[in-house]
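The values are calculated or read from the model by the stated rules, or taken from the named source; none is laboratory data. Source: prediction; values computed, not measured. Every residue, glycine as well, gets a Cβ built from its backbone with ideal geometry; the counts of neighbours run over all protein chains shown.
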Ligand code: TRP
Ligand code: SF4
């Protein structure tokens, strides 16, 4: 196993431009991003090429969706001061890495990714027997590896893609991390840490390699992370040398599972555009209120005087997202005893959702009226992302042997 240097706290995630975002995206993904942007170096991008893998026949609409989605992100609180926001296709290095990774990725790995067959089944009306669609998760791997990301916040459905990314990185490092004279270079790098640390590193490495002592591995990693006097290349060599692999060029990322896995929709199913049970982030107050007022409740409560069971009611699921303990016990008690009516029960949710959406809607209006500001934010993000992507590609080309200098 190759190491994920825990020093690598960089976070990368992408989203396909699928049209107006809704509360499912907000609670499932964006709130998580907004939290991470303050604790980690974050790169968030619009995966416009990924949109093409399934919607190549409707490519003309993609760019509008991209800008709309960026406005949704910004309005929800993703901050260009804290995170870098960019568009995948504006960093063409992703495509170059994808190409190089495609050379070493066995077809079976891609065919085995669960979303491959699932999506083909689900999107029957589209012809997805394409090269690009098969490569979808590998392009995602390139998106992640090009930033040497440590963490990838994703939903459950994307975990298999991060797993593939780890396998591909491991294979790449195995094939190309064996630079000529690796051992000698690693030994030389050890001496640069100073006598005391060099001795410690050797001991820890021996403990790990000969006795499989994981704790020694962890301590040795921490030691490497704390070294100020060695170059990035040497550090990567020493991480690889520690574990008996070659130099680690592309570190393996970890999936960071989103806490709220499932935001309930208006009908109790997961909120999703395909179920038609969403509340849009920029939906106007009147329409939001109407949707909530008319959303279904426990079907057994036909009359106001019939007692109900919150467990059978989608409104209760929303209380679990939006209400505190007091309100929740008020619902439990009032529903089961028919003390409260359903409209009454829905009111705290209506208030909470409207309060949540109001600032988002206002910011969206500002950004909509200032497209130049949005474009500037993305231009800056594109540049910052490209700087890193270029550096990684230099390493990658060098490792593969494509450096014509
Ligand atoms: N496949 C992801 C999705 O559908 C989007 C995506 C593309 C992504 N590249 C990524 C997510 C890289 C995380 C990291 O949601
Ligand atoms: Fe659902 Fe509330 Fe009506 Fe009970 S009172 S059925 S929980 S909406």
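Here are a few things to note about the model shown:
- Residue pairs whose Cβ atoms lie under 7 Å apart, separated by 6 or more positions or on different chains, with the first residue in segment 244-261 and outside any loop (DSSP other than H, G, I, E, B) and the second modelled with pLDDT under 80, are 254/4.
- Flag for residue 96 being assigned to a helix (DSSP H, G or I) and modelled with pLDDT under 95: no
- Residue tally, condition under 24 Å from the mean Cα position of the chain (by Cα) and loosely packed, with under 13 Cβ neighbours inside 10 Å, over segment 351-366: 0
- For segment 325-350, taking the residues that are within 32 Å of the chain's Cα centre (by Cα) and either touching a residue at least 40 places away in the same chain (Cβ under 8 Å) or under 25 Å from residue 284 (Cα atoms) (or both), the one that is nearest to ligand 1 (Cβ to nearest atom) is identified as 349.
- Selection of segment 267-279 for residues being surrounded by fewer than 20 Cβ atoms within 10 Å (Cβ to Cβ) and either under 21 Å from residue 312 (Cβ atoms) or modelled with pLDDT of 90 or more (or both) yields 267, 268, 269, 270, 272, 273, 275, 276.
- Of all the criteria given as (1) surrounded by fewer than 16 Cβ atoms within 10 Å (Cβ to Cβ); (2) closer than 19 Å to residue 19 by Cβ, the one not satisfied by residue 233 is (2).
- Taking the criterion of being near ligand 2 (Cβ under 9 Å from one of its atoms) and either in contact with a strand residue (DSSP E or B) (Cβ under 6 Å, 6 or more places away or on another chain) or in a helix (DSSP H, G or I) (or both), the residues of segment 319-341 that qualify are 319, 331, 332, 334, 335, 336.
- Residue in segment 50-72 that is away from ligand 2 (no atom under 16 Å from the Cβ), in a strand (DSSP E or B) and touching a strand residue (DSSP E or B) at 6+ places or on another chain (Cβ under 7 Å) present: no
- All told, residue 317 falls short of being under 24 Å from residue 344 (Cβ atoms) and more than 30 Å from the chain's Cα centre (by Cα).
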